[in-house]
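Reviewing the structure listed below.
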Amino acid sequence: MRCASCGFENPERLKFCNECGTALKRRCAQCGFENAPQAKFCGECGTSPQGELSLQHFTAPGAKGKVQEEAEEHFLKAIEIARRQKAKLWELRAVTSLSRLWQHQGKRAEARQLLAKIYGWFTERFDTKDSQEAKALLTALA
């Protein structure tokens, strides 16, 4: 991957240039869109940068109901396990994922209510990727 700043040719999958330290954009294998290095999914087509299943696969309007139902079941099971183990950060991650699915299904109020409850549990805001994603989703659901 060629650095736009210094022109150095870097190995694939790096986030920063080995020569100058500039953040490298990641090109989507599916559509070619240039994404930020930390992007989990392509901003253009929803495919993950590693070419795995896309979020769009689970949330697209034309997606089969069974796929979405199975995804929801898995998220609910993950929430249940996290609660049983009193693992609040894992619960936050699972609730964020379920809320994102519900958002795309049009269940915005339910998604916001569930996410706000677990997010509000944290009295101190840690600057983690999970807390940032939860906060951004809450804002989008407002």
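For the reader, a short list of remarks on this structure follows.
- Pairs where the first residue, in segment 2-13, is farther than 12 Å from residue 26 by Cβ and the second is among the β-branched types (Val, Ile, Thr) and in a loop (DSSP other than H, G, I, E, B), C-beta under 8 Å, 6+ apart: 3/22; 4/22; 5/22; 6/22
- Answer residue from segment 54-82, given it is exposed (fewer than 14 other Cβ atoms within 10 Å of the Cβ) and modelled with pLDDT under 65 and is nearest to residue 118 (Cα to Cα) among those: 61
- Some residue of segment 99-106 being surrounded by fewer than 12 Cβ atoms within 10 Å (Cβ to Cβ) and over 15 Å from the mean Cα position of the chain (by Cα): yes
- Tally, over segment 73-90, of residues that are farther than 10 Å from residue 130 by Cα, in contact (Cβ under 8 Å) with a residue 12 or more places away in the chain and of a type outside the set (A, V, I, L, M): 2
The values are calculated or read from the model by the stated rules, or taken from the named source; none is laboratory data. As the structure is a computational prediction, the values presented were derived from the model and not from experiment. Cβ coordinates were reconstructed from backbone atoms using ideal geometry, including for glycine residues, and neighbour counts include every protein chain displayed.
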